[in-house]
1. On a 32 Å Cα-Cα criterion, which of the cross-link pairs Lys38/Lys103; Lys12/Lys72; Lys59/Lys87 come out too long?
2. Restricting to Cα atoms and excluding each atom paired with itself, what does the Kirkwood estimate give for region 6-137 in Å?
3. Can you report the principal axis dimensions of region 64-119 using only the alpha carbons, biggest first, rounded to whole angstrom?
4. Just in region 13-107: which chymotrypsin sites (Phe, Trp or Tyr not before Pro) are loop by DSSP and have at most 12 other Cβ atoms within 10 Å?
Amino acid sequence: MEDKELIQVYVKSIYTSQNNNNYRVIELGETNGNRVMKVVLGMFEADFIAAALNNKIFKRPMPYSVMNDIFKMYKIDLREIIIFGAKEHVIFSKIVLIQDSNKQEITTRISDALALAIETGAPIYVEKYIVEQFFQNLVANPNEILINKMPIQDMSLAELNEELRIAVEDEAYEEAAKIRDEINRRREAGTAGEATNIPPDFPF
């Protein structure tokens, strides 16, 4: 099978999301170009990436640093990170590992892939069609963001409540309806476990 064309990118900047302080926005820029894609990540992973980029020394070993130590111990080369797909605003990525002559590709969350890339110094690549579809000229499109959230089925009820609040405030009623349905599904199944916070004026 013919290899797909890859374009190298780097972490250009990191800042707090204007919509939710618990999320961070990471800008991925083309290494040999001017286009940028914005990706929303969780606070822990993004803050680790920011600290690692600034050569911060942690008092205790962090998970990604431990993984890097394991790679070194077993002579595993994290060859590269590849962002290879996007569906319904969720990005897919994988890490490519080499040990002796054996090659393994492991699908990961993009937050974990980027954190490992920064920790190990591995290059980050994006399939060309994703660059052409989602990367934008930052000056021309300053607010263009590709949201990368976990599927609502994997969110806690507290996270669902927060996402529902944001969706209603943004008048994103189609997205809000999906979140509402997931909350109701858990309520009917008796798995909610927490108080729900569906806005009283939201249509059912």
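Since every read-out is calculated from the coordinates, none of them should be taken as a lab result. All of these numbers come straight from a predicted model, not from anything done at the bench. Virtual Cβ from ideal backbone geometry, glycine too; neighbours counted across all protein chains shown.
1. Details: Lys38/Lys103 30 Å; Lys12/Lys72 27 Å; Lys59/Lys87 38 Å.
Going by Cα-Cα distance, Lys59/Lys87 fall outside the 32 Å limit.
2. Values: mean 1/r = 0.0655 Å⁻¹.
For region 6-137, the Kirkwood estimate is 15.3 Å.
3. Ordered largest first, region 64-119 gives principal extents of 38, 24, 12 Å.
4. Values: sites: Tyr15, Tyr23, Phe44, Phe48, Phe58, Tyr64, Phe71, Tyr74, Phe84, Phe92; in loops: Phe58, Tyr74.
Within region 13-107, the qualifying chymotrypsin sites (Phe, Trp or Tyr not before Pro) (loop, at most 12 other Cβ atoms within 10 Å) are Phe58, Tyr74.
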